[in-house]
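These notes concern the structure reproduced below.
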Amino acid sequence: MAERLSSTAASRLGACLLPPAAASSKRASGTRSSLPVLPSPPCAAAGLRSRLLPAAGLRPSSPLSSLRLGLCQRPAARSRAMSSSAMCSASDPAQLKSAREDIRGLLNTSFCHPILVRLGWHDAGTYDKNIAEWPQRGGANGSLRFEIELKHAANAGLVNALKLLQPIKDKYSGVTYADLFQLASATAIEEAGGPKIPMKYGRVDVSGPEQCPPEGKLPDAGPPSPAGHLRDVFYRMGLNDKEIVALSGAHTLGRSRPERSGWGKSETKYTMDGPGAPGGQSWTVQWLKFDNSYFKDIKERRDEDLLVLPTDAVLFEDPSFKVYAEKYAEDQDAFFKDYAEAHAKLSNLGAKFDPPEGISIDDDSKSAAPEQFVAAKYSSGEKKRELSEAMKQKIRAEYEAVGGSPDKPLKSNYFLNIMILVAALAFLTSLLGN
């Protein structure tokens with residue numbers, strides 16, 4: 001049930017966030033999706049629109065056609081900008097870093113954090129772990145830039161996210177669309193106050209619209225069995241209950257507009273003044289701040305101006321989901337840790353990397369030398385020092401390598417313990433005998 005975007009809607013730079021996504025257009029009931037919307041200020045939207053559409057020689061009333069021409073069948077003047085994607089080459093690390101700075105600037109001026117998060121999620125969220133071949137398996141491959149996939153009901157409004165990022169893509173031709181989408185998504189989370197996402201890059205783009213996934217891969221907002229539906233969708237991607245709940249927490253960002261998604265109020269006391277175009281209903285009071293408010297507000301349900309979808313409410317109803325939802329409502333650090341891991345995992349789903357191991361653009365990950373463990377530094381003297389995070393991770397990795405985990409103690413080797421005890425007794429006996 002893809003929405004036909006009018007020229008007015010095309011000029012609004014809406015922002016929205018998954019999950020849940022749009023209901024399938026095939027459903028007889030006509031249920032529409034949850035599409036939290038965060039439009040940019042009208043003046044900024046109009047300015048961007050005026051720069052984008054005339055430059056491509058397109059009619060303002062045809063946003064989907066403009067994407068097909070401007071993104072997929074680019075004129076000769078833009079052939080260089082498309083060369084990296086068309087040849088399926090890896091992204092250039094230096095250009096990725098520069099693109100990240102431009103994205104930060106865009107976020108600071110357009111308040112588009114939610115829609116950029118949703119763009120990355122929707123490109124990656126079509127992955128099917130049961131299909132080995134690329135790109136048939138779906139996932140983070142840049143296919144969402146094509147009109148056929150933009151028309152999927154779950155992707156209503158994402159044309160605006162593409163228009164926001166297209167100038168950055170034109171500027172940095174050595175960055176693939178697949179990487180740009182995921183870079184924008186992770187940067188939006190971090191700039192909203194969320195955790196640092198351990199990202200890697202080098203994703204290869206699909207080359208044409210015939211490689212887009214079929215519709216119906218993304219979650220619905222109000223399915224008959226919310227818990228079962230979420231598991232069907234996310235298990236297909238190889239994610240588990242903890243990751244489902246952690247990723248749901250990203251609804252702390254964004255708002256839903258009923259005219260686009262079929263969910264939420266047209267305006268609340270928290271959205272009537274923007275930022276951006278006013279209106280819509282948010283899940284949290286501060287809907288541009290990434291924290292654990294989503295879990296607290298869903299649990300308490302004290303404010304009728306805050307949105308609660310069926311797929312939100314089930315997090316505190318399903319026994320397995322509830323364990324994590326309760327934990328995140330009480331412990332923001334635990335939520336941030338689990339969210340960062342789940343987001344990074346989602347962003348890699350289905351991707352084909354060149355080089356295969358991916359590339360990092362975080363300088364600290366390359367320059368920081370591994371710390372050597374010297375027990376005396378930590379356990380002797382009056383001034384004891386805490387283990388650094390790097391050392392904690394090293395110890396944890398070595399512990400897990402021999403079968404241990406944070407959730408359970410390492411199993412004892414009873415045979416080895418007995419041998420040590422026998423040897424000690426024999427040594428003591430020999431001393432006493434002498």
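The values are calculated or read from the model by the stated rules, or taken from the named source; none is laboratory data. Only a predicted model underlies this, so the values are computations on that prediction, with no experimental measurement involved. Positions of Cβ are backbone-derived with ideal geometry, glycine not excepted, and every protein chain shown enters the neighbour counts. Heavy atoms of the whole protein, side chains included, go into the accessibility calculation; ligands, DNA and RNA do not. Shrake-Rupley method; radii C 1.70, N 1.55, O 1.52, S 1.80 Å.
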Next item on the list: Identify, from the list A90, A153, A124, the residue that is at pLDDT below 95, closer than 21 Å to F353 by Cβ and crowded, with 19+ Cβ neighbours inside 10 Å.
Entry: A90
Next item on the list: Would you mind finding the one in L253, L306, L239 that is touching a His at 6+ places or on another chain (Cβ under 6 Å) and of a type in the set (A, V, I, L, M, F, W, C)?
Entry: L253
Next item on the list: From the list K296, K345, K289, pick out the single residue that is in contact (Cβ under 8 Å) with a residue 12 or more places away in the chain and closer than 21 Å to H229 by Cα.
Entry: K345
Item checked: Residue in the range 69-87 that is part of a helix (DSSP H, G or I), at pLDDT 85 or above and under 29 Å from G216 (Cα atoms) present -> no
Next item on the list: Within the range 136-143, identify whether any single residue is of a type in the set (S, T, Y), in a helix (DSSP H, G or I), open to solvent by 30 Å² or more (accessible area, probe 1.4 Å) and touching a residue at least 60 places away in the same chain (Cβ under 8 Å), and answer yes or no.
Entry: no
Note to self: Based on this model, can you work out whether T311 counts as open to solvent by less than 20 Å² (accessible area, probe 1.4 Å) and closer than 19 Å to C112 by Cα?
What the structure shows: no
Notebook entry, point to check: What tally of residues in the range 252-275 results from selecting those that are under 22 Å from the mean Cα position of the chain (by Cα) and either closer than 21 Å to I189 by Cβ or open to solvent by less than 10 Å² (accessible area, probe 1.4 Å) (or both)?
Noted result: 6
Next item on the list: Could you tell me whether D205 is more than 29 Å from L306 (Cβ to Cβ) and in contact with a Lys or Arg (Cβ under 9 Å, 6 or more places away or on another chain)?
Entry: yes
Notebook entry, point to check: Only one of Y339, Y328 is crowded, with 16+ Cβ neighbours inside 10 Å, more than 17 Å from the chain's Cα centre (by Cα) and either among the polar types (S, T, N, Q) or under 14 Å from K242 (Cα atoms) (or both); which?
Noted result: Y328
Next item on the list: Among what's in the range 348-369 and is more than 20 Å from S143 (Cα to Cα) and not in a loop (DSSP other than H, G, I, E, B), pick the residue that is modelled with the lowest pLDDT.
Entry: S367
Margin query: R145 - would you say it is charged (D, E, K, R), in contact with a strand residue (DSSP E or B) (Cβ under 8 Å, 6 or more places away or on another chain) and modelled with pLDDT of 95 or more?
Written below: no
Notebook entry, point to check: Of all the residues that make up the range 221-241, how many are assigned to a loop (DSSP other than H, G, I, E, B), open to solvent by less than 20 Å² (accessible area, probe 1.4 Å) and out of contact with any Gly (no Cβ under 9 Å at 6 or more places or on another chain)?
Noted result: 2
Notebook entry, point to check: Looking at (1) surrounded by 14 or more Cβ atoms within 10 Å (Cβ to Cβ); (2) modelled with pLDDT under 90, can you tell me which one R302 breaks?
Noted result: (1)
Next item on the list: Please tell me if S320 is farther than 12 Å from A246 by Cα, open to solvent by 30 Å² or more (accessible area, probe 1.4 Å) and either without any contact (Cβ under 8 Å) to a residue 60 or more places away in the chain or in contact with a strand residue (DSSP E or B) (Cβ under 8 Å, 6 or more places away or on another chain) (or both).
Entry: no
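Per-residue answers, yes or no, for (1) at pLDDT 95 or above; (2) assigned to a helix (DSSP H, G or I); (3) among the small types (G, A, S); (4) surrounded by fewer than 24 Cβ atoms within 10 Å (Cβ to Cβ):
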residue	(1), (2), (3), (4)
I168	yes, yes, no, yes
S173	yes, no, yes, yes
D179	yes, yes, no, no
Q182	yes, yes, no, no
S185	yes, yes, yes, no
E190	yes, yes, no, yes
E210	yes, yes, no, yes
P219	no, no, no, no
Note to self: Pull out all pairs, ordered by first then second residue, where Cβ-Cβ is under 8 Å, the residues are six or more apart or on different chains, the first lies in the range 228-241 and is in contact (Cβ under 8 Å) with a residue 40 or more places away in the chain, and the second is among the aromatic types (F, W, Y) and open to solvent by 10 Å² or more (accessible area, probe 1.4 Å).
What the structure shows: R236/Y127; M237/Y127; G238/Y127; D241/Y324
Next item on the list: Would you be able to say whether some residue in the range 105-112 is at pLDDT 50 or above, touching a Gly at 6+ places or on another chain (Cβ under 9 Å) and open to solvent by less than 30 Å² (accessible area, probe 1.4 Å)?
Entry: yes
